[in-house]
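Sharing a structure, written as structure tokens. Questions coming.
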Amino acid sequence: MTTSLVDAESVLAIDLGSLQTQVSLFDVVDGQYHFIANGHSPSTANPPFQDVTESVHLAVERLQEITGRLFIDADAHFILPSQPDGSGVDRMVVTYSCGPELHFVTAGLLNEVSLESAQHLAASTYGKVLDSIGLSDRRRPEAQIDAVLRAQPDLVILTGGTENGASRSILKQVELLTMVCRVLPQANRPDVLYVGNQALSKRITETLEKWTNVTTAANVRPSIDTEDLGPAQTSLNKVLVDIRSRQVGGMDHLAKLSSSLPVPNAYAFGRLIQYLGQTSTTGKGVLGVDLGASYTTFAAANHGGHLCLNAFPYGIGRGLVQAGLLHHLDELMQWLPVHVNESLVRDYLMQKSLFPAGIPLTGETLAIEQALARYLMRTGMAQMHSRWPELGSAFEPILAVGSALSYAPTPGQALLAILDGIQPAGITTVILDPHKLSPQLGAIASINNLLPVQVLESDALLNLGTVICPVSPARYGTTILRVRLEYEDGNEIVREIRQGTLVSLPLRPGQVARIRISSSRRTLIDPHTRRGSGSFKITGGVLGAVIDARGRPLRLPPDAARRREMIKKWLFALGG
């Protein structure tokens, strides 16, 4: 297709969530692609319906009411492509995070090599690895078969061997999977994704395709020191669409209408972050975090396009049980700006896990939910750094998605939760996606690479502000920075920044100013460039420009009363 604005196309993006179905319209206005509007409906992907068709139609009807434009005809069929009377759309894409939890089994050779890569591949999407079989597995073959049967996996990820490397041990794994498939009824047999030594692909396919669906992709470990998940992730998405189409009604029909293969939200979100990383000129990585109901997705990409993607099985909803949070309430409660009884916190979390669509109705429950967002982001960042130690803490920009952030009463509360959870260092821009468009833009990029660029440059996303997070060994209360903000009209303001403080500088959204910073006491304003002082232009956001001089890592007072007062002071500094 062409991405020329002369032949501009409208796009309808359908997001099938576990709680809500969202339908978003993108079209050309004044020669530029824009986000027009979206419609929502409670999801019908879950029991008792287990069919997304009804929720999609309800969401589309809502979008029709908002836009005054028809997208489905009298027979409830989508109007594709758009018609001369203005009805319909030219293209459609589908993203999804709905459906029952997927169960995986990984099989390979070495734990620290091929099995580790299989685990990483499984962690890039929504699912849970229930068992792993490798060379170090001391169980007898019949015990391994029993373990796979008990796991009842939807998918077996089989890997092992560098290119033209090991073969005998992999073929033994294939024999084991053959036995599993022969025991199970055809409807219960797991799909198999083979991402190992490509010299064996044909033989493995011929052996297993008699019993189940087999997909092959490029080796995730082409050499013992190299991991390449990209091609395997693409093939994994194809397999997951087939599995979801069998589990959730209506998915197969939408897949046929879609201009590209439906993709999981996590993968589409990662694709957008990867694109931002490739186009970045700062030399820093780009970070994205999506706080969902069941999963929290982290995606980080550098200028070379290398993507670190992980979908952690916990979120602000059903994922609370998997997070084990009820056993670590003290880690969450330390972020509460008001005193809340532990029993109330526990009750709210239990209710949230049972009814994730519920919203906080009191100041106390709002505080719990925002503390939960901090806890989940801190936990996710710790695991990201554990898996990718080279990730660092300097990013530009940081893109955040999630209802707990988007529905915060003030932008300051959302920004403070992001800063407390991620704890970036250096100079960054924090962007909030209030309409949850990021995964949809990532999916659209495969059919129209111009649309996401222009939507990102529009006002569809909310720039919370430029944030400067200096790193200093100075003691609390010591002056570490002298800041001069020079506006284009000739006015200026001067501030002295003390260690441990949070300061907001007045700068209107989109307004450009030059900031001059001189530091003292071995303070670095940007650890990535090792810069201690400097002058550069910044652009204002909803909260202007923010200097977060609270230190890294962020430390809270052990005394509960002092801790709550400090958090209130930070909220007040950002207008929260």
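The values are calculated or read from the model by the stated rules, or taken from the named source; none is laboratory data. Everything numeric in this text was worked out from a predicted model, so none of it was measured. Please note: Cβ atoms are built from the backbone with ideal geometry, for glycine as well, and neighbour counts cover all protein chains shown. We work out accessible area using only protein heavy atoms, side chains counted, and drop any ligands, DNA or RNA first. Shrake-Rupley method; radii C 1.70, N 1.55, O 1.52, S 1.80 Å.
Given the criterion surrounded by fewer than 19 Cβ atoms within 10 Å (Cβ to Cβ) and either at pLDDT 90 or above or more than 34 Å from the chain's Cα centre (by Cα) (or both), identify the matching residue among 458, 446, 520.
Only one candidate passes the filter, namely 520.
What's the number of the condition residue 183 fails, among (1) farther than 30 Å from residue 299 by Cβ; (2) open to solvent by less than 20 Å² (accessible area, probe 1.4 Å); (3) among the aliphatic types (A, V, I, L, M)?
(2)
Could you check, for region 240-247, whether at least one of its residues is under 30 Å from residue 89 (Cβ atoms) and buried (at least 23 other Cβ atoms within 10 Å of the Cβ)? Show your work before the answer.
To start, the set of residues in region 240-247 that are under 30 Å from residue 89 (Cβ atoms) comprises 240-247.
Filter once more, so that each one left must be buried (at least 23 other Cβ atoms within 10 Å of the Cβ): 240, 244.
Yes: region 240-247 contains one or more residues that are under 30 Å from residue 89 (Cβ atoms) and buried (at least 23 other Cβ atoms within 10 Å of the Cβ).
Kindly check whether there is at least one residue in region 47-64 that is out of contact with any strand residue (DSSP E or B) (no Cβ under 9 Å at 6 or more places or on another chain), modelled with pLDDT under 90, surrounded by fewer than 16 Cβ atoms within 10 Å (Cβ to Cβ) and closer than 24 Å to residue 249 by Cα.
Taking region 47-64 first, the residues out of contact with any strand residue (DSSP E or B) (no Cβ under 9 Å at 6 or more places or on another chain) are 47-48.
So of that shortlist, the ones also modelled with pLDDT under 90 come out as 47-48.
Retained after the next criterion (residues that are surrounded by fewer than 16 Cβ atoms within 10 Å (Cβ to Cβ)): 47-48.
From what is left, the residues that are closer than 24 Å to residue 249 by Cα are 47-48.
Yes, region 47-64 contains a residue that is out of contact with any strand residue (DSSP E or B) (no Cβ under 9 Å at 6 or more places or on another chain), modelled with pLDDT under 90, surrounded by fewer than 16 Cβ atoms within 10 Å (Cβ to Cβ) and closer than 24 Å to residue 249 by Cα.
Moving to a separate point now. Name every residue in region 248-274 that is closer than 26 Å to residue 312 by Cβ, in contact (Cβ under 8 Å) with a residue 40 or more places away in the chain and open to solvent by 50 Å² or more (accessible area, probe 1.4 Å), in order of residue number.
271
Name the single residue, out of those in region 461-501 being among the small types (Gly, Ala, Ser) and at pLDDT 90 or above, that is nearest to residue 423 (Cα to Cα). Show your work before the answer.
Start the filter on region 461-501 by keeping residues that are among the small types (Gly, Ala, Ser), which leaves 465, 472, 474, 477, 490, 500.
Then drop every residue that is not at pLDDT 90 or above, which leaves 465, 500.
Values: 465: 15, 500: 14 Å.
Once the filter is applied, the top-ranked residue is 500.
While we're here: Those residues that are in a helix (DSSP H, G or I), in contact (Cβ under 8 Å) with a residue 24 or more places away in the chain and within 18 Å of residue 206 (Cβ to Cβ), I need them from region 139-185; list them, please.
170, 171, 173, 174, 176, 177, 178, 179, 180, 181, 182
Look at residue 117 and say whether it is surrounded by fewer than 23 Cβ atoms within 10 Å (Cβ to Cβ) and among the hydroxyl-bearing types (Ser, Thr, Tyr). Give the derivation first.
Numbers: surrounded by fewer than 23 Cβ atoms within 10 Å (Cβ to Cβ): no; among the hydroxyl-bearing types (Ser, Thr, Tyr): yes.
So residue 117 does not fit the description; no.
Which residue pairs have Cβ atoms closer than 9 Å, lie 6 or more positions apart in sequence or on different chains, and pair a first residue in region 292-313 that is over 15 Å from residue 397 (Cα atoms) with a second residue that is assigned to a loop (DSSP other than H, G, I, E, B) and of a type in the set (Lys, Arg)?
Cβ pairs passing all conditions: 293/318; 294/318.
Please list, ordered by residue number, the helices (runs of 4 or more DSSP H) wholly in region 320-414 having 3 or more residues that are more than 23 Å from residue 17 (Cα to Cα), under 18 Å from the mean Cα position of the chain (by Cα) and modelled with pLDDT of 85 or more.
Working: elements: 320-323, 329-333, 342-354, 363-387, 403-406.
Once the helices (runs of 4 or more DSSP H) in region 320-414 are filtered for at least 3 residues that are more than 23 Å from residue 17 (Cα to Cα), under 18 Å from the mean Cα position of the chain (by Cα) and modelled with pLDDT of 85 or more, what remains is 363-387.
On to the next question. For region 12-38, which positions are farther than 20 Å from residue 459 by Cβ and touching a strand residue (DSSP E or B) at 6+ places or on another chain (Cβ under 6 Å)?
12, 14, 15, 16, 20, 21, 23
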